[in-house]
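The values are calculated or read from the model by the stated rules, or taken from the named source; none is laboratory data. Just so it is clear, the structure is predicted and the values come from calculations on it, not from any experiment. Here the Cβ positions follow ideal geometry from the backbone for every residue, glycine too, while neighbour counts run over all protein chains shown. Areas reflect the complete protein model, heavy atoms only, side chains present, ligands, DNA and RNA absent. Shrake-Rupley method; radii C 1.70, N 1.55, O 1.52, S 1.80 Å.
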Amino acid sequence: MIFFVCYREILQSCLTTHELFTKAAIQCFICQMLINLVDTSSVTLKEIMRALAPLIREESLQRGTSLWTSALCWIGQAVKENKWTENEAVELTLAFLRDPQASASSVTVEGYMVVTIARMLILFADLAETKTLTENFGDHENIESVPNELKQEKKSSQEAVAKSPLGRALEEIGGTLSGIRTRAYVNVGQVDWSLSLLYSLLREAGVLGNCLVDKLLKKNCELLFKDVSYFVKARVSQELTKIGDMEQVKFYSDVLLSLGLNSEHVHAEVSDMLDFVSRVFAKSREVLSEQAQGEMDILVTSSVGLLATLCELVETKCKQKSGDVDIALCEALVACIASLQNVPQPFSRKAIVKSDASNVQSRANVGQAISSFITSKWQCRRFMFTYNLSIAVKNTAMSKSSMDVLQILDSSMDDLSIGSGMSDVAIYKAIDVIMSEVVAKASQENISKFIELSWSKLTEEKKNRLFWKKLEVYVPLALHPGLLSQDSMSVIGQSLDELFDKLQTMGADKTGILYLVYENLCVKSLSKDNDPDRQLATRLIPLLVEGTYFGQVHKRGERLWLDVCAYLENSCEASCINHIMSNMSKDDLFTRVALLNWLSKLSPADTHDVMFVLSFLEHLRAKYVALAKLTTYKQYSNNLSHRQKHRMVLVFLLLAKFINKDMCEQYLSTLWYALEIECHPSVRQNLEWLVLILLKRYPQFVGSLWDVFKLYATRRSVCLCSLFLIISHTGFNLPHDQQTEFFKKAFTAVLPWSMAHHYNTRIFAQTTLVKMWEQCQSLQLKDIMTEFSMVQSVVDFFHTNGNASATVLKLYGNYMFHDFDPVADYSMETIFYTLPKLACIADDEWCSPAQFARWDKTWLSESGRLAPLKNPTQRLAQCKPGPWRMKAHNENEEDISESADNTGDVQKKIMPWRQMSPDQDTEAELASSQRQKGRDGGLVLVTSLIDKVPNLGGLCRTSEIFGVSEFVLGNLTYLEDRMFQSLSVSAQKWINITEVMKPRVPEYIEQKRAEGYTLVGVEQTANSVPLHHYKFPKKTLLLLGNEKEGIPVDILQSLDVCVEIPQLGIIRSLNVHVCGALIVWEYTRQVLQQQEEAEAAQKESITESK
């Protein structure tokens, strides 16, 4: 019993969470835990079934899932060992149905005991069928496939199911419900209990198929539908006359719908119910007393609810093409709905105020009744609109039912204003059906007003579970092709642009919103049927471009939750949750998958697709270049800007086939420039691949490589390294008649760089020589091998010399040199999964083939995409992850160019500085929430010239405390040093940090000067200003010198001013950390003083004005 107490507490705790996927997964695991741990010999059947009852069927224990199968096996084993028996199940069922309190008790369909009994009965029925099928027919999966010679065994299986606890329960229910119209007295409470169990049985069984259990349920639905319809009519018309009875009417409507959906003959009962509803509508137009009017309002609301149920029943039957529903019945339904517009609105303010208290229990009940009426009314109208659109010719009744579009729109806004909850959903669905006609006939101002009012109603539910249900209906409505086709400068176009901005703003805070937007765009609005000429897509290019790089860097808690969800989804069959629901909408990755999947279907052979993609790529290129310019100096790996650039370049790779010959030169120029400014290796490797694709397709542009050589000779070393990698792959993929000329130019260009001063440049050039020589040998280019025969000696040297060969061969073994094939490896798998994984991109950026196939099942069967889903081999995927990184000892990334000018300011330092350890001051623990990352346009502290890690750690801590706008380091790897972390005390997490290597300091400070910064150096010079005499500008760049050498002469000449700290002692220098801290504080002190003076002046001004 202690176990069950703990079980219930855990289950109750998990059911309080608002996150559906997590809640469902927890229930699945708890149920599996119950199955694995409970000793069936020590507990009763009733206890076990009561433990299973709280599990929500839509979220966990659902028929047809692996968890249901596990429960069947578990119960079957207990029954086999006689621990539990079917008689116990029968006794529990009959005790429930014959409860003497039944006639006095109210029924709750989701009640604890109802669900307990219904779930038990379906489990035992499935168990009986499974047992007899296995015993009699072995491997036959369906009873219908049993051979004729085994008909006797088939009959025995049917008898076993009929005699199961479910069969006994249905007999008892049938005895209560059948023939109800001919009885003089009916025990309403007993009937309600039987209906509640029958309804719960149908819900537990799910969609009924052809198994024996389902056939038994269908048979009983067919038998009871007529009697239940009569009973419901009688109750609604004669007894349920109070506003508190509306919930009971809703229950009866749900029961009718479930029975009707599983019955073949519904025509007569639906017609009778329609006649009843029509008579109620006709009578509602009569003038009645106030008390009678109140009862009539309740009857009208109940009748409209029944009419909505009939609409759903008939519509479902029409879609399934089952039952005896015909056009005449549909037209009768539509005519009845048309008469609804003449029915007075129930529950007018006068009726509410003056009606009897016994009929109107509270304003809350009245509000619910009004909302219920509006919901049912618009459900009926949606059926009418749908039917009108589905027929070619409208008869008189139909023309009468076709309300004026303007009247419909006005009516919808009126009902939105007074309704709430699900009534808004019904309105959205109905208007969506006729939106094309609304756009054609209604004024743009009215449509815009409707969109804004609908959004306002949606945002009211932002913190409510109903928010997602409303959003799922509102988004398709707002993205209707008829609305999107409007000009962007029109009233509707401007309203939609504002709406998209609101959705993006809300989507940044609430994961899953933009998934719904892009899913609807890609699946519906921008499908080839709705947008054959791609005009809608062209109109939405800015929104689509933003979708390609959408996604936030999640906080630790959110990231943990996403990792858990990813684990559950990847467990596939091991987790029952994957059979029930998906968490795709809550993962930013699938937002991009939806868009990438749509892009992959575009065809370079379609002129409309080509025109759209070219415009799309232009916008995407502008976005990438703008972002790359902002992040020229290296930032943290896997930060937001890094991820966004990486996502954009992957889209370029996917759409590379659309770059035609005329645009190739323009795109190559952009790519060469991007390789100059891009700082992240993972992005650079994709840019390099894109260059290779274009050169392979248009070999006439290969000659531009040699011009780029001249350009890159004066650029960063990584530019040449990228060029070497491109050259190493280009020659092998050129047409045969161009290979000899290419390799001749390539060897001539690369050979000199194999002896370059810079380490990385030298190693890349040497590795390129090795790869090109092997390619020439493979291609049998004897002329090249003869002319450059000395390369063979170089290659032999690399394979025999220890130190030199180790580095070159290590780089040659890197996946980009050795295993990557720019042609054969072109696939969705390589672009979006393998290369990001090998480049050490965060795993939440990887998009596997399984994820593409999960979103769109046609990947497994459809061809003609821009790229195949999977790679032909797994050679590349098996490579060791990690971009190649190697640097010689004491060598910077850039060659240091020294230049000195003897004029101008010079150092006057008397003694060299000594390295001094920073004081180990105590610091209060940082607040748990992230601080503001500095003031925009404030102090920039440059520490790139400092070598000692302790000084850098202390300065980082000081900078964070005093709110420095930007902290500049010479190398981001310092952040991983334990000494740095011990002194910074996690300050690096809360401050903007940029990497500027020592050789690039002159370039960086000049860039800052152009941005309006004053360049201030901390140095003792002939013209330095004492710190207490200098007034800092707001935009100040403060440069600290090296511990021993100070600020180099060439940089010193570029500064606007140097400041020094007055000293009174014998030692002539301060530790650089202490020095920097004093000056940073002085800057902060002056800023604070200016703020105080401004506040004092403002107060004085206010006082004088008074």
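Counting Lys and Arg as +1 and Asp and Glu as -1, each charge on the Cβ, what is the dipole of segment 939-1097 about the Cα centre in debye, to the nearest 20?
So the magnitude is around 180 debye.
Take every DSSP beta bridge with both residues inside segment 939-1097 and express the antiparallel ones as a percent of the total, to the nearest 5.
5 percent
Taking the chain as the reference, fit the longest principal axis to its C-alpha atoms, fit the long axis of helix 1072-1105 to the helix C-alpha atoms, and give the angle between the two in degrees, 0 to 90, nearest 10.
It works out to around 60 degrees.
Can you give the accessible area per residue of segment 939-1097, in Å², using a 1.4 Å probe?
Value returned for segment 939-1097: 42 Å² of accessible area per residue.
Could you pull out every residue, at least 5 positions away or on a different chain, whose amide H is within less than 5 Å of the one on Cys1058? Hs are placed 1.01 Å off N in the peptide plane, and Pro or chain starts have none.
So Cys1058 has HN proximity to Gly1017, Val1025.
Anything over 20 Å Cα to Cα? Flag those among Lys449/Lys510; Lys645/Lys989; Lys457/Lys524; Lys623/Lys989; Lys745/Lys810; Lys601/Lys857, in the order listed.
In this structure, Lys449/Lys510; Lys645/Lys989; Lys457/Lys524; Lys623/Lys989; Lys745/Lys810 lie more than 20 Å apart at Cα.
Please work out whether segment 710-804 counts as rounded, prolate or oblate from its C-alpha gyration tensor, where a ≥ b ≥ c are the square roots of the eigenvalues and a/c under 1.5 means rounded, while otherwise a/b larger than b/c means prolate and anything else oblate?
Because a/c hits 1.5 or more and a/b fails to exceed b/c, segment 710-804 counts as oblate.
Would you kindly work out the equivalent ellipsoid of segment 939-1097 from its C-alpha gyration tensor and give its semi-axes, the square roots of five times the eigenvalues, largest first in whole Å?
Taking √(5λ) for each eigenvalue gives 22, 19, 17 Å, largest first.
Met979: accessible area at probe 1.4 Å, nearest 10 Å²?
That residue has around 90 Å² of solvent-accessible surface.
Carbon-plus-sulfur fraction of the accessible area of the chain, 1.4 Å probe, in percent?
About 52 percent, which is the carbon plus sulfur part of the accessible surface.
Is there a quick way to get the dipole size of segment 476-528? I mean about its Cα centre, with the Cβ of Lys and Arg at +1 and of Asp and Glu at -1; what is the value in debye to the nearest 20?
My answer is approximately 220 debye.
Could you point to the residue in Leu479, Gly419, Thr1084 farthest towards the positive end of the chain's charge dipole, with +1 and -1 charges on the Cβ of Lys/Arg and Asp/Glu respectively?
Gly419
Could you name the aspartates and glutamates in cross-link range of Lys83, using Cα to Cα under 14 Å and dropping any fewer than eight places away on the same chain?
Counting by Cα, and skipping residues close in sequence, Lys83 has these aspartates and glutamates nearby: Asp39, Glu47.
Please give the net charge around Ser944, taking every other residue with its beta carbon less than 9 angstrom from that of Ser944, where Lys and Arg add +1 and Asp and Glu add -1.
Neighbour charge sum, excluding Ser944 itself: +1.
Would you work out if the chain is rounded, prolate or oblate? Take a ≥ b ≥ c from the square roots of the eigenvalues of the alpha-carbon gyration tensor; rounded if a/c is under 1.5, else prolate when a/b is larger than b/c, oblate otherwise.
prolate
Under the rule a/c < 1.5 gives rounded, and otherwise a/b versus b/c splits prolate from oblate, where does segment 583-682 land using the Cα gyration tensor?
Since a/c reaches 1.5 but b/c is at least a/b, the shape of segment 583-682 is classed as oblate.
Work from the charge dipole of the chain (Cβ charges, +1 for Lys and Arg, -1 for Asp and Glu, about the Cα centre) and give the residue of His579, Ala628, Leu310 farthest towards its positive end.
Leu310
Indicate, rounded to the nearest 5 percent, the antiparallel portion of the DSSP beta bridges found entirely in the chain.
Of those bridges, close to 10 percent are antiparallel.
Could you give the accessible area per residue of segment 155-218, probe 1.4 Å, as a whole number in Å²?
Spelled out: the 1.4 Å probe surface of segment 155-218, per residue, equals 39 Å².
Using θ = phi - 60° and the Karplus relation 6.51 cos²θ - 1.76 cosθ + 1.60, list the HN-Hα couplings for segment 322-334 in order, rounded to whole Hz, with x at every Gly or Pro.
The phi angles translate into 10, x, 9, 6, 10, 5, 4, 5, 4, 5, 5, 4, 5 Hz.
Could you report the accessible area of Arg1085 in Å², rounded to 10, computed with a 1.4 Å probe on the protein chains as they sit in the structure?
Rounded to the nearest 10, that gives 90 Å².
Please tell me which of these pairs span more than 32 angstrom C-alpha to C-alpha: Lys219/Lys429; Lys661/Lys771; Lys80/Lys250?
Table pairs above 32 Å Cα-Cα are Lys219/Lys429; Lys80/Lys250.
So, with +1 on the Cβ of K and R and -1 on the Cβ of D and E, and no other charges, what is the size of the charge dipole of the chain about its Cα centre, to the nearest 20 debye?
Roughly 120 debye for the chain.
Taking θ as phi - 60°, what are the ³J(HN,Hα) couplings along segment 257-267 by the Karplus curve (6.51, -1.76, 1.60), each to the nearest whole Hz, with x for Gly and Pro?
So the J values, rounded to whole Hz, are 4, 5, 5, x, 5, 10, 10, 8, 10, 10, 4.
Report the one residue of Leu1015, Leu983, Ser965 whose Cα lies farthest in the direction of the positive end of the charge dipole of segment 939-1097 (charges on C-beta: Lys and Arg +1, Asp and Glu -1; origin at the Cα centre).
Toward the positive end, the furthest listed residue is Leu983.
Under 16 Å Cα to Cα from Lys1008, which aspartates and glutamates show up? Leave out anything in the same chain fewer than 8 places away.
Partners within reach: Asp936, Glu966, Glu995, Asp1056.
Rounded to the nearest 10 Å², what accessible area does Lys1034 show when all protein chains are kept and the probe is 1.4 Å?
Approximately 140 Å² of Lys1034 is accessible to the 1.4 Å probe.
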